[in-house]
Amino acid sequence: MKPIAILEHSVEAPAGYLADAIEQAAVPSIVVRLYDGAALPDLDTVSALVSLGGVMGAYDEAKYEFLAAEKELLRQAVDS
């Protein structure tokens with residue numbers, strides 16, 4: 001089974017209870033800490049994406065450079 005990718009945007013908004021629930025359901029998952037420079041997963045390697053919130057707005061790409069690439073990944077996921 002492919003893991004669920006949980007995309008974390010800041011240390012202040014961790015996966016927390018969601019990660020706990022996924023673990024209790026025995027579903028594999030990976031936490032992608034975008035704020036630490038982690039690479040986005042390839043869509044072929046995950047079963048689902050969960051994009052968490054954070055302190056930034058959706059259009060704060062100048063300050064949070066990972067947002068543009070993440071939004072493109074989410075667009076590709078929706079298109080597929």
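Within the stretch 35-61, residues that are under 10 Å from Leu7 (Cα atoms) have Cβ atoms under 7 Å from residues that are part of a helix (DSSP H, G or I) and open to solvent by less than 60 Å² (accessible area, probe 1.4 Å) in these pairs: Leu40/Ala69; Leu40/Glu70; Leu40/Leu73; Leu49/Leu74; Leu49/Ala77; Ser51/Glu70; Ser51/Leu74, counting only partners at least 6 apart in sequence or on another chain.
Can you tell me which residue among Val32, Val55 is more than 11 Å from the chain's Cα centre (by Cα) and of a type outside the set (Asp, Glu)? Spell out how you get there, then give the answer.
Details: Val32 fails: more than 11 Å from the chain's Cα centre (by Cα).
Just one listed residue meets the conditions, Val55.
Suppose we filter Ala62, Ala21 for residues that are at pLDDT below 95 and over 12 Å from the mean Cα position of the chain (by Cα); which single one remains? On inspection, the qualifying residue turns out to be Ala62.
Looking at Ala21, Ala68, just one residue is small (Gly, Ala, Ser) and in contact with an Asp or Glu (Cβ under 6 Å, 6 or more places away or on another chain), and that residue is Ala68.
The values are calculated or read from the model by the stated rules, or taken from the named source; none is laboratory data. None of the values given here were measured: they were computed from a predicted structure. Don't worry about glycine lacking a Cβ; one is built from the backbone with ideal geometry, like all the others, and counts go over all protein chains shown. In case anyone asks, the SASA skips ligands and DNA or RNA and just uses the protein heavy atoms, side chains included. Shrake-Rupley method; radii C 1.70, N 1.55, O 1.52, S 1.80 Å.
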